[in-house]
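So the structure is just underneath, and the comments pick up after that.
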């Protein structure tokens, strides 16, 4: 039975080193019973490392962890469960061919044989108790992202967790799914559960949590009551100085069609439609946002335009230099890049697409700056200057431009990836998830860079996960649902709820075509 007089969790002077790097430096913090605590910090501030020590993935080099007032030794996730601690990671760890219940009981020790019937019944009880929406007998491969997340949460509750850690839980949820998740978390709080959330979305922090603990450069910066703070104060605590959190959206000027897509269809090797009859127009001097539940076809759309996927339909580029209309379909990806159509795609594996980890920042600039066949001894001055400019303007944390990219944190790798494409002065810039996993300060730096591109007459296509940002940053928003366009709206007049409904709209019987004229 939990000792409710003592905090549910207390960290005292926790320190963690990786070689010469101190990830967590003498951090102390407390989580009470029946409390939702948000943990905020810039990329590389040590949030995930700290949470991983609570969850048993890392072991601290110094300091102590107390659970219900008693010292806890947590050397593995199994140990963490013994202390009723469970972590729900951003990337789910589920077996697609198993049902929800089979995934939930997977790995549990039991002296006798499992009764799937009893397990299903217990899962139904947890689902009912907290207000989840989940069919215990549904296969994972048939589930939406929010259902998969529910399986992960129920999995730790099934194992008796009283302290839950959620890493970026709303990253790929619609507004309606986010509201449902928050309702469930509030119900858990009312029943005495302690919940820790890592998130970059400050408006969610302010609407959900009771307190916020802020980390800055691996050190504890303070804990504040949510009701007594605001976005400006939290950001100042995170970065150590005042930061203007304002996306300055200018009115589009002198807009002309730069890219016209008509009836674009992309099929998988098995012949199923990944994209179906997609039509829209991207214009110079504006930002066209693309919204949709993860896996709705956003990636395939951009890769088809960039020449990386075979497609049917028309992709016409209106070349501002020559005044000609160029058909991009069937063209070589390098040729499309040379025309000025650039794709900056930030995947989950940032080093798996576009950057070489063992090469330094300057050499990674050269990958995009030079075509093959220009000679073995390449001139390094221009790429080095570009690397130094990106490091300076985007505040890339690195000892220098000769540092191998693999030694940078994920967020800093991302800045290099996005900065390189923007520096190429494109006429069409497709930026997919450019702020995925970035802290609030770095995110606003990227938003302002995209706005600068728009004001220079670039047609910017922005694929994002945060609907609040899409509504603030973009001029128009195209919503894709199940591979088809379910609507194109004016971002200045649309609401989150309207876009959320379009994201879940069934377009299978409607053809998915849209004229792109909104």
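Looking at residue 178, is it buried (at least 18 other Cβ atoms within 10 Å of the Cβ), closer than 28 Å to residue 454 by Cα and under 22 Å from the mean Cα position of the chain (by Cα)?
The answer is no for residue 178.
Which ones in the range 161-179 are under 27 Å from residue 46 (Cα atoms) and modelled with pLDDT of 85 or more?
161, 162, 163, 164, 165, 166, 167, 169, 178
So residue 20 passes all but one of these: (1) out of contact with any strand residue (DSSP E or B) (no Cβ under 9 Å at 6 or more places or on another chain); (2) surrounded by 15 or more Cβ atoms within 10 Å (Cβ to Cβ). Which condition number does it fail?
Single failed check for residue 20: (2).
Determine the pairs where a residue that is outside the structural domain of residue 87 (by TED's automatic domain parsing), located within the range 183-211, has a partner that is in a helix (DSSP H, G or I) and modelled with pLDDT under 95 with Cβ atoms under 7 Å apart, the partner being 6 or more residues away or on another chain.
Pairs that qualify, where the first residue is outside the structural domain of residue 87 (by TED's automatic domain parsing) and the partner is in a helix (DSSP H, G or I) and modelled with pLDDT under 95: there are none.
Report yes if some residue within the range 429-438 is more than 30 Å from residue 215 (Cα to Cα) and either surrounded by 22 or more Cβ atoms within 10 Å (Cβ to Cβ) or assigned by TED's automatic domain parsing to the domain that holds residue 46 (or both); otherwise report no.
Yes, because at least one residue in the range 429-438 is more than 30 Å from residue 215 (Cα to Cα) and either surrounded by 22 or more Cβ atoms within 10 Å (Cβ to Cβ) or assigned by TED's automatic domain parsing to the domain that holds residue 46 (or both).
Give me the pairs: first residue in the range 262-286 and under 22 Å from residue 491 (Cβ atoms), second residue modelled with pLDDT of 95 or more and in a loop (DSSP other than H, G, I, E, B), beta-carbon distance under 6 Å, and six or more apart or on different chains, which are they?
From the range 262-286, the pairs are 286/475.
Has the range 224-239 got any residue that is assigned by TED's automatic domain parsing to the domain that holds residue 297, farther than 26 Å from residue 470 by Cα and in contact with a strand residue (DSSP E or B) (Cβ under 8 Å, 6 or more places away or on another chain)?
Within the range 224-239, none of the residues are assigned by TED's automatic domain parsing to the domain that holds residue 297, farther than 26 Å from residue 470 by Cα and in contact with a strand residue (DSSP E or B) (Cβ under 8 Å, 6 or more places away or on another chain).
Tell me, yes or no, whether the range 96-104 has at least one residue that is free of Cβ contacts under 8 Å to residues at least 40 places away in the same chain and over 23 Å from the mean Cα position of the chain (by Cα).
yes
Since residue 247 meets every condition but one in (1) surrounded by 20 or more Cβ atoms within 10 Å (Cβ to Cβ); (2) touching a helix residue (DSSP H, G or I) at 6+ places or on another chain (Cβ under 6 Å); (3) under 19 Å from residue 435 (Cα atoms), which condition does it not meet?
Failed condition: (1).
Of all the residues that make up the range 185-218, how many are modelled with pLDDT under 95, more than 20 Å from residue 146 (Cβ to Cβ), surrounded by fewer than 18 Cβ atoms within 10 Å (Cβ to Cβ) and under 24 Å from the mean Cα position of the chain (by Cα)?
Of the residues in the range 185-218, 2 are modelled with pLDDT under 95, more than 20 Å from residue 146 (Cβ to Cβ), surrounded by fewer than 18 Cβ atoms within 10 Å (Cβ to Cβ) and under 24 Å from the mean Cα position of the chain (by Cα).
Among what's in the range 460-507 and is touching a strand residue (DSSP E or B) at 6+ places or on another chain (Cβ under 6 Å) and part of a loop (DSSP other than H, G, I, E, B), pick the residue that is surrounded by the most Cβ atoms within 10 Å (Cβ to Cβ).
474
Please list, ordered by first then second residue, the pairs with beta carbon atoms under 6 Å, 6 or more apart or interchain, first in the range 293-313 and surrounded by fewer than 16 Cβ atoms within 10 Å (Cβ to Cβ), second outside any helix (DSSP H, G or I).
If the second residue must be outside any helix (DSSP H, G or I), the pairs left are 294/172; 312/265.
Which of the residues belonging to the range 437-458 are in contact (Cβ under 8 Å) with a residue 60 or more places away in the chain, over 19 Å from residue 281 (Cα atoms) and out of contact with any helix residue (DSSP H, G or I) (no Cβ under 7 Å at 6 or more places or on another chain)?
443, 444, 448
Of all residues in the range 132-155, which are in contact with a strand residue (DSSP E or B) (Cβ under 6 Å, 6 or more places away or on another chain) and farther than 13 Å from residue 94 by Cβ?
Matches in the range 132-155: 137 only.
The values are calculated or read from the model by the stated rules, or taken from the named source; none is laboratory data. For clarity, every value in this text was computed on a predicted model and none was experimentally measured. Note that each Cβ is placed from the backbone with ideal geometry, even for glycine, and that neighbours are counted across all protein chains shown.
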